[in-house]
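Chemist: Below is a structure I'd like to ask you about.
The values are calculated or read from the model by the stated rules, or taken from the named source; none is laboratory data. Here the structure is a predicted model, which is why all the values come from computation and not from measurement. Cβ sites come from the backbone with ideal geometry, for glycine too, and all protein chains shown count toward neighbours.
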Amino acid sequence: MSRYNYYGWSPYVPVAQRHANAARKMEKLRKQGQDIQPVTIEGRQIARSFWGKAWCDQLDSFGDYANRLPRGRTYVRNGSVCHLGIGKGRVDAYVSGSSLYTVTMTIGTLPAAKWKKLKRRCKGGIGSLLELLQGRLSDEIMSVVTDRDDGLFPRPREIKYQCSCPDYADMCKHIAAVVHGIGARLDERPELLFVLRGVDHEELIDADAAATAAQAAGTSGKSRRRRLAADSLEGVFGVEFDTAEAAPEAAPTKRAKKIAVKKTAKKTAKKSAKKSAKKSAKKPRPFRVTPASIRKLRAGLGLTRSEFARRLRVSAQSVVNWETKSGTLKLHAAKLASVQALAREAGF
Ligand SMILES: [Zn+2]
């Protein structure tokens, strides 16, 4: 314990060691039922999408923030934001520094009058959920949503922040890292900006335009539109969305467990039958990469996280991030391909 504390407080703790300590803590919190969602940045760019970039640009454009935000960039890039959760008017995060710090931000929700005005100004200009979430907006709509006074983004005075580190008063690097982390999270889940501001983004979609689009596609209804949006977003951002279709995956697991409980002589026969069933099912359905499926694959191969990481030529931290991410998982094409190749090889 003294060893942990020593490392926890020493200013000379190498980043890798800090991350390992933080990862252990996150694992513990996860076991306690907390929904831990780390921020992972691939490459140098913190945010790539319209919403992610707009978030970072907006906050960077305010004097007080412009001076202080840069110090958070390295932190967010090297994976120090071990958890970032966005809720209505609130962001909660854990940031790994010399120790593990808790960052809380409260962000005012959009006042009803402002939201009403914004909706009026967007009227007829946004035809679909997909256009909205992808940020495929006309210049006019873009200027409405990014308006410093009447847009969707909060102004610094609407943001209150707190960090458990000793020098948070003047916006420490942990808070700055979280601000950038929000931008990165909006790349994956742009709808969270609306959640944060306490408004329903679907109210911005023009009902007539959406109906026409649905008719043209030979479909109707909200859920169908959602699926269309999710499908296309996967292509655009390389992001995998959790949709209703992910649900059936749970069924075979339960069945498999049941089979395992019945320890009969038929076990071997069933096993080989299952194997061949897997083989025939393998072709049409590539290995679906989700945190749960990665955990299953690694367990199936009997590898530790670092062994698994070596097989895939990625860092152990990447494996930790993949396995512990909640909801969505974003993998670069090359990494996705090597995970799928390994899964194929292992007969998954
Ligand atoms: Zn701090």
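Chemist: Could you list all residues from region 59-91 that are without any contact (Cβ under 8 Å) to a residue 40 or more places away in the chain and within 16 Å of the chain's Cα centre (by Cα)?
Modeler: Once the filter is applied, which keeps residues that are without any contact (Cβ under 8 Å) to a residue 40 or more places away in the chain and within 16 Å of the chain's Cα centre (by Cα), region 59-91 yields only Arg77.
Chemist: Considering only residues of region 128-141 that are assigned to a helix (DSSP H, G or I) and without any contact (Cβ under 8 Å) to a residue 40 or more places away in the chain, which is nearest to Glu202 (Cα to Cα)?
Modeler: Restricting to residues being assigned to a helix (DSSP H, G or I) and without any contact (Cβ under 8 Å) to a residue 40 or more places away in the chain, the top hit is Glu131.
Chemist: Moving to a separate point now. Checking the condition free of Cβ contacts under 8 Å to residues at least 40 places away in the same chain and surrounded by fewer than 20 Cβ atoms within 10 Å (Cβ to Cβ), which residue from Lys114, Lys53, Lys119 passes?
Modeler: Lys114
Chemist: Please find, within region 292-316, the residue that is farthest from Leu84 (Cα to Cα) out of those that are in a helix (DSSP H, G or I) and modelled with pLDDT under 80.
Modeler: Restricting attention to region 292-316, the residues satisfying the condition of being in a helix (DSSP H, G or I) are 292-301, 305-312, 316.
Subsequent filtering for residues that are modelled with pLDDT under 80 retains 306, 316.
Details: Ser306: 24, Ala316: 20 Å.
In this case the residue turns out to be Ser306.
Chemist: Taking only region 152-195 into account, find how many residues are without any contact (Cβ under 8 Å) to a residue 40 or more places away in the chain and either more than 16 Å from the ligand (Cβ to nearest atom) or not in a loop (DSSP other than H, G, I, E, B) (or both).
Modeler: 1
Chemist: Given the criteria surrounded by 15 or more Cβ atoms within 10 Å (Cβ to Cβ) and more than 9 Å from the ligand (Cβ to nearest atom), does Met142 qualify?
Modeler: The answer is yes for Met142.
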